[in-house]
1. Please list, in order along region B:23-38, the HN-Hα scalar couplings obtained from phi with the Karplus expression 6.51 cos²θ - 1.76 cosθ + 1.60 (θ = phi - 60°), rounded to whole Hz, x for Gly and Pro.
2. Rounded to whole Å, how close does chain C get to the rotation axis onto B by Cβ? Give me the residue too, please?
3. Which percent of the accessible heavy-atom area of region B:97-165 goes to carbon and sulfur, probe 1.4 angstrom?
4. Over chain B, with a Gaussian network built from C-alpha contacts below 10 Å, which listed residue (B:205, B:233, B:248) shows the highest mean-square fluctuation?
5. So for A:280, A:53, what's the accessible-area order with a 1.4 Å probe, most first?
6. Mind pulling the angle between the C-alpha long axis of helix B:283-297 and the longest principal axis of chain B? Nearest 10 degrees, somewhere in 0 to 90.
7. Within a Cβ distance under 15 Å of residue D:135, other residues only, what is the Lys/Arg minus Asp/Glu net charge?
8. State the Cα centre-to-centre distance between region B:228-275 and region C:25-72 in whole Å.
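The values are calculated or read from the model by the stated rules, or taken from the named source; none is laboratory data. Just so it is clear, the structure is predicted and the values come from calculations on it, not from any experiment. Cβ sites come from the backbone with ideal geometry, for glycine too, and all protein chains shown count toward neighbours. Side chains are part of the model used for accessible areas, which takes the heavy atoms of the whole protein and leaves out ligands, DNA and RNA. Shrake-Rupley method; radii C 1.70, N 1.55, O 1.52, S 1.80 Å.
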There are 4 protein chains.
Amino acid sequence: MEFLEKYGTEAQKQQWLVPLLEGRIRSAFLMTEPDIASSDARNIRCDIRRDGDDYVLNGSKWWSSGAGDPTCELYIVMGQTTNTSSENPYGRHSVVLVLTNTPGITVHRMLSVYGYDDAPYGHGHITLKNVRVPASSIVLGEGRGFEIIQGRLGPGRIHHAMRTIGAAESALEWMIARVNDEKKAFRPSHSAHGTFQEWIAKSRIEIDAARMTVLNAAVKIDQEGAKAALREIAMAQVLVPHMALQVIDRAVQAFGAAGVCQDTPLPGLWASARIIRIVDGPDEVHLQQLGRRESQRMGEAVQEKLRWQSAETDRLLSLSGFGAAVFSGGYIPKANL
Amino acid sequence: MEFLEKYGTEAQKQQWLVPLLEGRIRSAFLMTEPDIASSDARNIRCDIRRDGDDYVLNGSKWWSSGAGDPTCELYIVMGQTTNTSSENPYGRHSVVLVLTNTPGITVHRMLSVYGYDDAPYGHGHITLKNVRVPASSIVLGEGRGFEIIQGRLGPGRIHHAMRTIGAAESALEWMIARVNDEKKAFRPSHSAHGTFQEWIAKSRIEIDAARMTVLNAAVKIDQEGAKAALREIAMAQVLVPHMALQVIDRAVQAFGAAGVCQDTPLPGLWASARIIRIVDGPDEVHLQQLGRRESQRMGEAVQEKLRWQSAETDRLLSLSGFGAAVFSGGYIPKANL
Amino acid sequence: MEFLEKYGTEAQKQQWLVPLLEGRIRSAFLMTEPDIASSDARNIRCDIRRDGDDYVLNGSKWWSSGAGDPTCELYIVMGQTTNTSSENPYGRHSVVLVLTNTPGITVHRMLSVYGYDDAPYGHGHITLKNVRVPASSIVLGEGRGFEIIQGRLGPGRIHHAMRTIGAAESALEWMIARVNDEKKAFRPSHSAHGTFQEWIAKSRIEIDAARMTVLNAAVKIDQEGAKAALREIAMAQVLVPHMALQVIDRAVQAFGAAGVCQDTPLPGLWASARIIRIVDGPDEVHLQQLGRRESQRMGEAVQEKLRWQSAETDRLLSLSGFGAAVFSGGYIPKANL
Amino acid sequence: MEFLEKYGTEAQKQQWLVPLLEGRIRSAFLMTEPDIASSDARNIRCDIRRDGDDYVLNGSKWWSSGAGDPTCELYIVMGQTTNTSSENPYGRHSVVLVLTNTPGITVHRMLSVYGYDDAPYGHGHITLKNVRVPASSIVLGEGRGFEIIQGRLGPGRIHHAMRTIGAAESALEWMIARVNDEKKAFRPSHSAHGTFQEWIAKSRIEIDAARMTVLNAAVKIDQEGAKAALREIAMAQVLVPHMALQVIDRAVQAFGAAGVCQDTPLPGLWASARIIRIVDGPDEVHLQQLGRRESQRMGEAVQEKLRWQSAETDRLLSLSGFGAAVFSGGYIPKANL
């Protein structure tokens, strides 16, 4: 909705924004595709081709969250406008608004997350075959897709992290409830109690450290904008779900069989946190980028270290008479170095 | 089935063993209860009371696996025979065979494992209210419940570990398939490839180490029996699911979104491995017992260590002139100690 | 020094504070004892007995840091004033100032940390045998030892954490220097490069999260005092050395053989960080206390969780017709629960 | 010594083998060099040049273990015989026997390992400047260096792993001694006791799993030779020191301050285990090789997996009416998939 408010034409706002805000309809964002490595959005290849006064769409999309909802009437589709050619790999994609009952659209199935289908919301697997929409359905204009999703994803990534902090905090409460159960029926045996108390303490430490990492990114976004905060956002994105999975899993273990079934929200919280490590690009991609960026950022300071190391070796070698002394068969006492 | 073959009367075998072996019916074991800490089977309190020529059962059971299957016709119920009193806490429980359509039995629901209902098999939540069965339904006799379940659980615990090794091995194959995909569409970016190769190597090392731990327990069971192998069984029970969860989770992450949904068996394998850390008693209980047992087993050898430590301190103190030297303001060179 | 400035008499300040501030002499704090569990200072049993106008000290101390320095002229000794009896276990200890060349003092040896003797500073193992000092040497008065060390330890514990953050930051710089060495001689093979970049990224995330945990404790100390910040101090004490050991060890591994020897400061940084997990009480003690405190603090909120769990079970049971339905042999579809 | 017995001429054996076996002299292997990435021995560039009836050596070596011993009289030097050219990168290196008091040799210093100088043994940093030896000093012949070190290193790598298993086993004994100390003075508080018992149990599990990994490699070496066992050797090399460092560190922590100083062997055991992760090539190199090898070895089996995945997706898509059904606005129930 924020994106329509920010980038939509008056007509687009009229048609979609009002019913969305009133909660009468929902939308789904069709971005991820099953046949490409989606961690890099430039790979997206759903075809959006100008044909007279229309655009014609052909492609395959999945993990379109919200597509399972009966009230979902709007698809926001990201694809390549292949008629325009651009040198810039970030200038080839466009975003188009599509009515969900347009001919050529098939919703094949809902994808599960571990065993959860997340009904009625749902994560759709959808194909578009010669789906025809009026040219006025494009948002901002051809080739401006990245502009739109970047404005949308930055803060959205912090949203995931924020919600996941909440999930971990809730799991810690459940763990404390179980370990210190008043009724004592389920209290762990005395000997293991120390282990559980340790889990509670570690979880508190880890949650709070992760929360500050998110707050730090939020402050940076507020003060300097999402683009300047890419580093801080990535740090929160990697740290938070790792932390949460650990905390939630401890709570599951503390609960035993009740911790994996429908009697507690714990297994569902776990599954939700698990996909956060994947959805906005897998951890490994964030870590590679962050590692490279840190290496560049700290370049000056670190070269100094290697110079020190060389100098230190030279100093130690000269202290031992490098170039002069001939080995005499005995041990060189450390004090002489 | 093994347990009926081993402990059942001729009549019991006739009635149940034949159709079970022919696959016409299935059975479910009603052991775990929702209101007690089930890691210690002595806590089981389902009431089995002699009444004339019958036994009358009252209690609540859950995680009765197989109870969801339409062909399930036999419940094997563990409970306390409260009419007989025994000093021995291992002599109060009995096992009774119950037809699933006996009046008083209610199957309330199937329990989910991370969203999976494991249909048609299912993990039942069942209550028994004044369920009446003929006295001939008891197995082995009153107070012999522990004898039966111990004969059954020992090797059964190795079964879990064996299957879980298989799950991890399968996950490793999936991970290798993805990371080295011929089509290269999903191949991770060059920079992260090293990380994934490392995951494959670590997984291979961990799987094989765990497999040998299981084999070691199996050999011990074969040679000296399940009771003598309690230590080795516990070691396998703790190590294997931990290892498998790690390996499977790496495979999930290597697959990205396809790794958490129904397109691969990975999320299901993960959920199955996760409950292994709970079902035969949580890790923490095994670890406490194992730790205590190791401390006792190694008692002699270790006291020697502390004597060495004392002697070493004495030696060092005497070398520095303990009892005579007065501090002279200078540093005592290490060489003099 | 801070402690003398805060608690010392005019005469004590005159004698010690001036030369200490001018750097002419150093002091060592004699607190830890070899024969007790020092994680609880109430165990300290060095005997301080009033005898006429003197105090007479008898006891054994170790890990007296700074005692190896030739300029160390002052021992600050914590012990029990056994002549006064107190109901309060925190009211039995006193602090006394002792000249290092007083008869009866023996410095036996310096203790090593891994292979480092930390010369010339040194960690002394010292005995006091009938060491006699004038009664005016006592600080604040008999029984006020805990008052003094608590004023001293609180912020001091943050000092350790702060320095350890610095050590980790330095190790990260060394790691980046090596992994991105200009000369490329030591650059890791292409395939492992991804692993090292990941280490850099993880280290950056972990250092920053730990740094904020320390800052959070520092702000709390500034705003509400050390006593109110016990929880936040403990969180920093546990998290920081764990983080630093991990980061430093990655740097060691990235350097290979140069990372464990005298050519880099890395092995020394590691050893220094390692003792932080012990010196102000081992992690395990902090974690137990923190776990207990969290359980109490969150008590209200969490009981709500268990009520929810019960209610949820009831709801699910009633949905499946609890109390009425008799099992009909078929599988109860999830939708009906 | 084994290598001389295997590859030496009669004269070489006469000169060196007898005094070595009688323990009158020691030898040091000069292989690693400070200016190259030593994880790949092909990088070794110490120059060995034929000059008339002599060889002349120039180069720099470090981590020459044993070079600090006063009885060390023999250097076994690996270098490139640059006069002979070979296409084969494994055919350029040779091994030469050198008397330690030959002119041109300088032993500059001993390298420390976490502060330990390992005196009197020592790890030498040595340069060779126009060191001249008779041509008869070469072992086996020019270009046969790899043949010699491969024969030597294979089983030697298992030796490291075997010794490290012993170190871990010893650390576990120390930990048990402390945690269950008869005198109870240092017994951890009741609440943390569970944590320590858990450490003992985990350590036992990990040591035994690692031991079986070593035994597995040993059996393979015995049955099929060191070359056929490269995979199993690498698995032991990676797993064992990781395991040992963890076990030893737990013992250190259980001991507190006594665990890091000279009163127990624990800190020394830790330092010795730490370099095992580096000396025969860093973990990361082994893991990359192992990962690549596993990917190849399991290639057939795994492609099957991806075919299954594709087929599964097709099946699921066809079940939902792919190609026919038009989205009807409602949620597609899971049961229909």
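1. So the J values, rounded to whole Hz, are x, 6, 10, 10, 10, 10, 9, 9, 10, 4, 10, x, 9, 10, 7, 6.
2. Whole-Å result, nearest residue of chain C to the axis: C:194, 2.
3. Numbers: 1420 of 2590 Å².
It is 55 percent, rounded to a whole number.
4. Top of the fluctuation ranking is B:205.
5. Details: A:280 35, A:53 125 Å².
Sorted descending by solvent-accessible area, the residues read A:53, A:280.
6. 60
7. Summing Lys/Arg as +1 and Asp/Glu as -1 gives 0.
8. Spelled out, the Cα-based centre of one part sits 53 Å from the other.
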